[in-house]
Structure formats: structure tokens, C-alpha cells
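First up is the structure itself, then whatever we jot down about it.
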Amino acid sequence: MRIIHNKGVCDPHVHIFNGRAYMFSTHDRGPGQPNFRMDDWRVFSSDDLLNWRLEYTLRPEDTFLGKCEECYATDAAERNGKYYMYFSHQQYCIGVAVSENGPGGPYKDALGKPLIPKGMVDTACYDPTVFIDDDENKTPYIMFGFTCIGKKYYAARLNEDMISLAEPPRPVELQPNWDSDACWIEKHNGIYYLTTHEARYATSKSIYGPYTYHGKFMYDYTTDHGTFFTYHNQTYFTYGVPENLGDEKIDPYYRTTKIVYAHFKDDGGIVTDEFIKVNGVGQYDANWDVIKGEWYFAASDGIYKKENEDGFELRGIKNGSYLYYQNVERMRSNAPIELRVSNGNKEPCTIEIRENSPFGAVLGCLKVGSTGGFDRFETFKLELENTYGTHNLCFVFRSEAEEAARFEDFRFTKVRP
């Protein structure tokens, strides 16, 4: 499902600052352009991933670039209480602006010249991604480039000031090389993930490579520039697609943005959900056939997704753990609900279904006895005490055991005609 519909918001890079999601994006001028015409960079924010507020517009004329219409991808980072916005131009240079007021700006050109000028290295110097590693020093890196016609991506450490390079950019080794741009760096279980245009990805043990290419994790040919982010213990992939102008018309130079949940398989592969591509994140419908556990909007620390034969299950659930599903629409009054749960303990586990938060009003309480093993899921039913309409549901687990339960999915019992 598209967000910020019909506004030309594309090349999304989302970061979580101060508990809120901030999207740093480019801005397609409008439908009917002969090529990419992008007049500025924009910052949006949201706390539910559904409703986005425009926080700031960085215009090229407020930077060393001057007025132009080739405002290519941007990224952002925080360091020592300041926020840095890295912007690029189609003529192959990257600049940096800084905000001391917060991630929503205003941003001022930090250098008055490019951080990475055209010709510094033999690649297209645009589409930057800034990555803060999880080492002791929280080392910052910038990566950029274009791998067509024999070119490469390049990466370099940034200095502590975030507006200068700590080393000359180094070529990133790809095995094999593939033609793309729009690089992004993510790290999962100690492995660096390099993702690019069309949801292609590769992995490495070093940020500089060599990266082993694994292909695409999404197969829609319209998938454009995309990035990952983690919010409330959930991982997302956000990406651009051509805007749907009606009558099955799409415009490749007028794009919009989607967000889907992203899951990592046991072998490190990435999985997204075709159903969520259509229906979107952060909202649910009681008429869906199933609401998978891994589609939660928020989960307490320690809960994680684990691949199983049916897709994924949720583990790491302890006493007091919770799962939160906001905006569950079209719930019937006193809605009958079914949960797929396993309990390998002798002692029962109790699941409280609460309104709005782990401390909200109790809508229903379910006792889950032993299922004969944590690998044996059973269906448990109860009827909620709720009014008709939209509710925010929070499942809170209570147990005296070290592991309370494992969770697979839930659904609402449909009324037979």
C-alpha cells in the first residue's frame, strides 16, 4: 500500500530518532515528465507509519548547488546530538547539511562545497548511504556509487565531525559484479547486507566486501530504490514504485513509496510478504483470513522471529512480554478470536488481550495449557469484550516458566451467512 499518495515521495531512507520515524526522501516534480525531475529533498515523520507529517524541505538553492532539478537520493545520521543530511546531485557530487535543532531541521549546508566532489573516484558520486556500525566506536561510514559500465561502489569512514572523510574512498568488491545504483547498508547477525535498486542484495563480513551476490528478495519489476529500518523491534523494507495514475497507467518518473515487513530466514535470506505489499503495514483487518504473528507493529525486547515450516513463529516470549497490533479494523462486538500458540511447559501460560497498551483495559484472557512441546502449535479460542470498530490490541503473556510460549498467528472467526 502506498504512503503519502500522489506527492512524488521517493528514494525513501527511514531512520528512527527520539522514538519517531523520519523519512528522508527525494521529490519527483509531477506526472508527465520526460525524465527524473526532482526539485528538492524532503523530511517527513510519523509515529505509526501510516500518517506522515512534512517536517522540512531542503532546497538546492540553499546549498552550494544552487537551483537545479536533479536532486538525487539523500540519507541522514545522528552524532553527538546533531543531525546530518547527506544529499546528492545527478551530476555526481554529494554534500552534507547539519541541524542542531533536531531531525526535522532546519538544515544548513555544512561545507559550502561538496563532501564528495565529482571526479574524486571513478564512479557516479550520488545516492549516498550513511551507516553507523555497532563496534565500540560506533564507526560511521558513507557508501555511494554506480556499478554500471565497469564502475564500482565506494565506501569511506567518516570522521567524528561527520562532515569530513577519515580516509580516501575505497572500492567495494562485489562477487560477481552487477549493474545497479541506490546502495544501502544493513547489518544482521554480524553480516553486512548491501542492497541496491530492484531489491537486489549481497552479503559480506566486511563493509568493504567482498560481497556475495544472492539475487532479488522481491520480484516486482517496478521495485525502485529501497532501504531497511527497525522500529519497535520490527524490521521494515521501504521502497519506491511508479505512482498509479488510474486506468492501469503508471509513470516511471513520478514515484511513490511503500513499506513492508522484512524477515530474515535461518540461512540469512530476506523474506517479504506479497499480502502486505498490497495492504500495508501498521494496520490490520478483522476480515483477513489470518494475521500473522510476525506482522506485529511492536514487540517487547527479546522477542524474535524464527523460521518454521509454515513461515515464521515468534520466540523469546517471557513473563510480561507483549505483542502489539494497532488499528485492527472492522472488529465485531464481542469478537471471537483464535490464536495459534505452543506451550512446552507443564504450567499454563496466560495471554491477556488488552486495549492500547500492556497496561490497558483487559478485553479477554486466555489460558494456554501444555501443547506437548514448543514445536506443537494448537488453536485456542475466546470471545473478546469489545465494541464494534477499530481497536489497538496488545497481547501480554504471563507465565512462571523461563519461556512462556511461542506464537504463530491469530484470526477472527467469521460469521457464517
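Taken about its Cα centre, the chain carries a charge dipole of roughly 300 debye when the Cβ of each Lys and Arg holds +1 and the Cβ of each Asp and Glu holds -1. Relative to the current alpha-carbon distance between Asn189 and Asp289, full extension at 0.36 nm per residue lengthens the span by 32.7 nm.
When only Cα pairs under 8 Å and 6 or more residues apart are kept, what is the percent relative contact order across the range 220-302? Provide the component values of the computation, followed by the final result.
On the way: 113 pairs, mean separation 20.7, N = 83.
Worked out over the range 220-302, it gives 25 percent.
The local environment of Pro60, defined by Cβ-Cβ distances under 9 Å, has a net charge of -4 under the rule Lys, Arg +1 and Asp, Glu -1. Taking amide hydrogens as placed 1.01 Å from N in the peptide plane, the amide H of Tyr56 sits under 5 Å from those of Val43, each at least 5 positions away in sequence or on another chain.
Relative contact order, whole percent, for the chain stands at 12, derived from Cα pairs under 8 Å and 6 or more residues apart. 3J(HN,Hα) along the range 25-42: 9, 8, 8, 5, 4, x, x, x, 7, x, 7, 5, 10, 10, 9, 6, 10, 10 Hz, from the Karplus curve 6.51 cos²θ - 1.76 cosθ + 1.60 with θ = phi - 60°, whole Hz, x for Gly and Pro. Summing +1 for each Lys or Arg and -1 for each Asp or Glu among the other residues whose beta-carbon sits under 13 angstrom from that of Thr139 gives -2.
If R0 is 30 Å, what FRET efficiency do you get for Glu274 and Ile16 from their C-beta distance, rounded to 0.05?
That pair, Glu274 with Ile16, gives E of 0.70.
Between Thr379 and Lys265, what length comes free when the chain is fully extended (0.36 nm per residue of separation minus the Cα-Cα distance, one decimal in nm)?
38.6 nm
Note on the range 2-282: dipole from Cβ charges, positive end direction compared against Thr196, Leu158, Ala110; the farthest Cα belongs to Ala110. A Cβ-based charge dipole, computed about the Cα centre of the range 2-43 with Lys and Arg at +1 and Asp and Glu at -1, lands at about 140 debye. For Gly364, the residues whose modelled amide H falls within less than 5 Å of its own, excluding neighbours fewer than 5 places apart on the same chain, are Ile353, Glu385. For the range 1-99, the Cβ-based charge dipole about the Cα centre amounts to some 100 debye (Lys, Arg positive; Asp, Glu negative; other atoms uncharged). 3J(HN,Hα) couplings calculated from phi for the range 154-167 with the Karplus curve 6.51 cos²θ - 1.76 cosθ + 1.60 (θ = phi - 60°) are, in sequence order, 10, 9, 8, 6, 9, 6, 4, 6, 6, 10, 8, 8, 8, 7 Hz; Gly and Pro show x.
Seen from Val362, the other residues with C-beta closer than 14 Å to its C-beta sum to a net charge of -1, counting Lys and Arg as +1 and Asp and Glu as -1.
Tell me which aspartates and glutamates have Cα within less than 18 Å of Lys67's Cα, excluding those fewer than 8 residues away on the same chain? Result set, ordered by chain and number: Asp28, Asp39, Asp40, Asp109. With R₀ fixed at 35 Å, the C-beta to C-beta distance from Leu54 to Arg330 puts the FRET efficiency at about 0.70.
Counting only the Cα atoms, the range 93-188 fills a convex hull of 120 Å³ per residue. Phi angles across the range 181-194 convert, under the Karplus curve 6.51 cos²θ - 1.76 cosθ + 1.60 with θ = phi - 60°, into 3J(HN,Hα) values of 8, 6, 6, 8, 10, 10, 10, 9, 6, x, 10, 7, 10, 9 Hz, Gly and Pro given as x. In the frame of its principal axes, the range 246-330 has Cα extents of 51, 36, 23 Å, reported largest first. What shape does the chain have by the C-alpha gyration tensor, where a ≥ b ≥ c are the square roots of the eigenvalues, rounded means a/c under 1.5, and otherwise prolate means a/b greater than b/c and oblate the rest? Prolate.
When the pairs Lys82/Lys138; Lys216/Lys249; Lys118/Lys151; Lys292/Lys367; Lys152/Lys205 are compared against a 22 Å limit on Cα-Cα distance, Lys216/Lys249 fall above it.
The mean sequence distance of close C-alpha pairs (under 8 Å, at least 6 residues apart), as a share of the length of the range 6-112, puts its relative contact order at 20 percent.
Any read-out appearing in this document is the output of simple, stated calculations on the displayed coordinates, not a laboratory observation. A quick note: this is a predicted structure, and the numbers were derived from the prediction, not measured. Here Cβ is always computed from backbone atoms with ideal geometry, including for glycine, and neighbour counts include all displayed protein chains.
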